[in-house]
Amino acid sequence: MKALVFGSLNIDKVYSLNHLPEKGETLSCAGYEIHVGGKGLNQSVSLSNSGADVYMAGQIGSDGIFLKEYLEKSGVNTSLIKITDDFSGHAVIEVDPDGQNQMILFPGANREITPDYCDSVLENFSAGDLILMQYETSQVEYMIEKAHEKGLVVALNPSPYVDKLKEIDYSKIDYLILNESEGQSISGETDNDKVVKVLCSKLGNGAVIFTLGGSGAIFSDGKETVKAPAFMVNAVDTTGAGDTFTGYVLNSLMNGKSPSQALRFASAASAIAVTKPGAAETIPTLEQVNKFLADNK
């Protein structure tokens, strides 16, 4: 089984400020860092670290070559990534000493994906392979349709939430992985049990994986519902927690682990990730997750 992540690759430009700027205010920057980012990139690293055979598809400009190189160092096959004449997607992130931040996101090459490119990517995969998507690129609906037609196992992380998510055909999705905010927006419900019930009815034969932060996670396919608690750790930065969880839970399920085992495994991975600052750089290896679980029986 091959795993395809069709998603975003972003350059995160982080500026450290003494305070966040007011309207019209010009500030001198106390520090500047560049990091790899994008939910597609993060989830590719998570799947790879969990032991999956991962291919990343998406678009970057020549300014984003280091994103491709980072993925390669993480064991991800990057042969399907397209380099365009556009700028790579990037985020301008302003952070104050208390960790509060504000962000500007420029989608760049992520939003210039065409149906022809999608078709060329899917030629490399067959029935039973996994495809994982988010909502930071164009052509997500097209890829859901074509991947389902081809018999791929379709997983969607509907993040960030956009209104068109109320209209897509969820019956073609096998795994819907989302948090409380996204679940409430799509279902129109606020009670977690009702959210899961509505989402399951939209999926038909698919399964909902509903993450609740410190309150754990829920798996439900409409017949079986499993709840798993979160591991209690000293959280430093939760930025990459959801993407870490997504990669680990999918690889676990695709390799035959029960829903309860998969939730516990993914929860352990995300618990490790939040103890360090950063996103892709904090995603643990399989060995680290196994050790964490052995120490927290």
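The values are calculated or read from the model by the stated rules, or taken from the named source; none is laboratory data. This is a predicted model, so every value here is computed, not measured. Every residue, glycine among them, receives a Cβ derived from its backbone with ideal geometry; neighbour counts consider all protein chains shown. Side chains included, ligands, DNA and RNA excluded: accessible areas come from the protein's heavy atoms. Shrake-Rupley method; radii C 1.70, N 1.55, O 1.52, S 1.80 Å.
Observations on the model:
- Residues that are out of contact with any Phe, Trp or Tyr (no Cβ under 6 Å at 6 or more places or on another chain) and without any contact (Cβ under 8 Å) to a residue 24 or more places away in the chain, drawn from the stretch 26-58: Thr26, Leu27, Ser28, Ala30, Gly31, Glu33, Ile34
- Taking the stretch 40-95 as the range and being among the charged types (D, E, K, R) and either part of a loop (DSSP other than H, G, I, E, B) or over 18 Å from Ala109 (Cα atoms) (or both) as the test, the residues that pass are Asp53, Glu72, Lys73, Asp85, Asp86, Glu94.
- Residues of the stretch 188-227 satisfying the condition of being open to solvent by less than 20 Å² (accessible area, probe 1.4 Å) and in a helix (DSSP H, G or I): Val195, Val196, Leu199, Cys200, Leu203
- Tyr161 falls short on exactly one of the conditions (1) assigned to a loop (DSSP other than H, G, I, E, B); (2) more than 19 Å from the chain's Cα centre (by Cα), and that condition is (2).
- Take the conditions (1) in contact with a Phe, Trp or Tyr (Cβ under 6 Å, 6 or more places away or on another chain); (2) closer than 20 Å to Thr211 by Cα; Met143 misses just one of them, which is (2).
- Check on Ser48, in contact with a Leu (Cβ under 9 Å, 6 or more places away or on another chain), closer than 23 Å to Met143 by Cα and crowded, with 20+ Cβ neighbours inside 10 Å: yes
- Just so you know, in the stretch 74-92 the residues that are more than 19 Å from the chain's Cα centre (by Cα) and more than 24 Å from Leu122 (Cβ to Cβ) include one that is modelled with the lowest pLDDT, and it is Val92.
- Among the residues of the stretch 167-187, those identified as without any contact (Cβ under 8 Å) to a residue 60 or more places away in the chain and part of a strand (DSSP E or B) are Leu176, Leu178.
- Selected residue (only one of Ala147, Ala230 is open to solvent by 20 Å² or more (accessible area, probe 1.4 Å), in contact (Cβ under 8 Å) with a residue 24 or more places away in the chain and either under 19 Å from Ala127 (Cα atoms) or not in a helix (DSSP H, G or I) (or both)): Ala230
- Selection status of Leu132, open to solvent by less than 70 Å² (accessible area, probe 1.4 Å) and modelled with pLDDT of 95 or more: yes
Yes/no per residue for (1) within 20 Å of Val153 (Cα to Cα); (2) open to solvent by less than 10 Å² (accessible area, probe 1.4 Å):
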site	(1), (2)
Glu22	no, no
Glu25	no, no
Lys39	yes, no
Ser44	yes, yes
Ile65	no, no
Glu72	no, no
Ser79	no, no
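- Hits in the stretch 273-288 - residues which are within 20 Å of Gly216 (Cα to Cα) and part of a loop (DSSP other than H, G, I, E, B): Val274, Thr275, Lys276, Ala279, Ile283, Pro284
- Restricting Ser270, Ser252 to residues that are surrounded by 15 or more Cβ atoms within 10 Å (Cβ to Cβ), assigned to a helix (DSSP H, G or I) and either among the β-branched types (Val, Ile, Thr) or without any contact (Cβ under 8 Å) to a residue 60 or more places away in the chain (or both) narrows the list to Ser270.
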